[in-house]
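The values are calculated or read from the model by the stated rules, or taken from the named source; none is laboratory data. In this text, all values refer to a predicted model and were calculated from it rather than measured experimentally. Note: ideal-geometry Cβ built from the backbone for every residue, glycine included; neighbour counts use all protein chains shown.
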Amino acid sequence: MVTLDEFKKKHSDKCRLIGLDLGSKRIGVSICDEKQLIATPFRTIVKTSSEKLIIELKEIIKENNIGGIIIGNPLNMDGSSGRSTQSIKDVSKNIEKSINIPVCLWDERLSTVGAFNLSSQLDVNVTKREKKIDENAAAFILQGAIDFLNN
């Protein structure tokens, strides 16, 4: 796993990135454009096994010319690592071993809340918000990371 600063040095400015919001049952996926300006919700993967998750990620990476992966890191509000942080790190290491592109963790505190609030400001009904919350949270995570990379 690389830090975001190392990630910035390793990845090309002309490649698409995916953002992942890893949950125990659902994984939100987002993709940014080649100029790495805008993150867009892509889809939600229902996780049945780690192997199937890796297969689906490899498909997405191949079909969309992805050059790196940003994974949301669920830190506690005080910035410390919690129980879920270790789980995310373990899954991230598994993804990194199986997929040969840079993987980086990004602080995801409040990403789900932010995604939910943003969709409420856009006057999206609650049922649609809940259905798309994972991929919207992934876009929120990826947008934060690409904003950092571009500054």
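Which of the following residues is under 16 Å from N94 (Cα atoms) and exposed (fewer than 13 other Cβ atoms within 10 Å of the Cβ): E51, E63, E56?
Result of the check over E51, E63, E56: E51.
Looking for something among the small types (G, A, S) and touching an Asp or Glu at 6+ places or on another chain (Cβ under 9 Å) - is there at least one such residue anywhere in segment 49-58?
No: segment 49-58 contains no residue that is among the small types (G, A, S) and touching an Asp or Glu at 6+ places or on another chain (Cβ under 9 Å).
Among the residues of segment 73-127 satisfying the criterion of being loosely packed, with under 11 Cβ neighbours inside 10 Å and of a type in the set (S, T, Y), which is modelled with the lowest pLDDT?
Here the answer is T127.
Tell me which of these I70 doesn't satisfy, since it passes every other one: (1) assigned to a helix (DSSP H, G or I); (2) at pLDDT 90 or above; (3) under 17 Å from G23 (Cβ atoms); (4) not small (G, A, S).
Of everything listed in (1) assigned to a helix (DSSP H, G or I); (2) at pLDDT 90 or above; (3) under 17 Å from G23 (Cβ atoms); (4) not small (G, A, S), I70 misses just condition (1).
In segment 41-67, which residues are of a type in the set (S, T, N, Q), in contact with a helix residue (DSSP H, G or I) (Cβ under 9 Å, 6 or more places away or on another chain) and in a helix (DSSP H, G or I)?
S50
Suppose we keep only residues that are free of Cβ contacts under 8 Å to residues at least 60 places away in the same chain and touching a helix residue (DSSP H, G or I) at 6+ places or on another chain (Cβ under 9 Å) within segment 1-23. Which one would you say is nearest to N150 (Cα to Cα)?
D13
Is it fair to say L17 is buried (at least 19 other Cβ atoms within 10 Å of the Cβ) and in contact with a Gly (Cβ under 7 Å, 6 or more places away or on another chain)?
yes
What is the number of the single condition among (1) more than 13 Å from E108 (Cβ to Cβ); (2) crowded, with 16+ Cβ neighbours inside 10 Å; (3) in contact (Cβ under 8 Å) with a residue 60 or more places away in the chain; (4) of a type outside the set (F, W, Y) that L37 does not meet?
(2)
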